[in-house]
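Derivation of every value follows stated rules applied to the coordinates shown; laboratory data play no part. Predicted model only: the values in this text are computed from it and were never measured. Note that we place each Cβ from the backbone using ideal geometry, even for glycine, and neighbour counts take in every protein chain shown.
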């Protein structure tokens, strides 16, 4: 049997739920539902949604590939400058997204310190591409993967890993068969939060990848563009993004709560 929360906490929580839920309810009330099919077809909503899913999933993969090793170093490593590494790793979490986009342009744009060599030597242009949109989303969302993974690694009882190593397990075997299974809930939670953040990314994507329909225009960018000429259509596209997010977060709710 669950304990009842104190009344004052329940009241504050109820106010918080209203504060978060009221804007969504207002969107649903103000939406011109009769124009839904026309809006999704004419505004490129379905194309933007598909691109958003592709970009956010790719960003989650990139964040996992680079974020998990960083979290491992932060949680298990002992070396000078670890505090500075942590600050740099989670900086995009507090950095304004548009600043992150400008930084990505300065680094990876055609005239950037790295991008110029990619373009001149290899003919690779990252900006204004779907891959560029994914990189921008990964940049702003990877701190969530790092924080979740680092917290999970710190919560693991190292005695299990030491026991496996004492029984002859190689470092790779211990990681595969002991550490990663114990870390799985935190990895899943980090992936879900990273995906959700990448799905809603706007500023860095617009600055670094542009707003090209069918190539870099994700659903948040489509909402921004449509809002300038058709506020009703912007409401409908916003609700589409809200609906997708809620469905995914509810479906994966156990993965998130298991990390607690």
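State the label only: which of (1) 116; (2) 188; (3) 133 corresponds to volume of the Cα convex hull per residue in Å³ computed from the shown model?
Only one listed value fits the structure, namely (2).
Take the alpha-carbon centre of the range 1-60, take the same for the range 178-234, and report the distance between them in whole Å.
14 Å
Which of 22, 74, 93 moves most in a GNM of the chain, Cα contacts under 10 Å?
Between 22, 74, 93, it is 22 that shows the largest mean-square fluctuation.
Quickly work out the residue 82-to-residue 33 label distance, labels modelled 7 Å from Cα along the C-beta direction, and quote it in nm with one decimal.
5.5 nm
Which one of 124, 226, 47 has the biggest mean-square fluctuation once the chain is modelled by GNM with Cα springs under 10 Å?
124
Quickly estimate the mean residue ellipticity at 222 nm for the chain, helices only: each DSSP H run with n ≥ 4 gives -39500 (n - 2.57), and the total goes over all residues, rounded to 500. Let's see the in-between values first.
Values: 14 runs with 197 residues, N = 260.
Dividing the helical sum by the residues of the chain leaves -24500 deg cm²/dmol.
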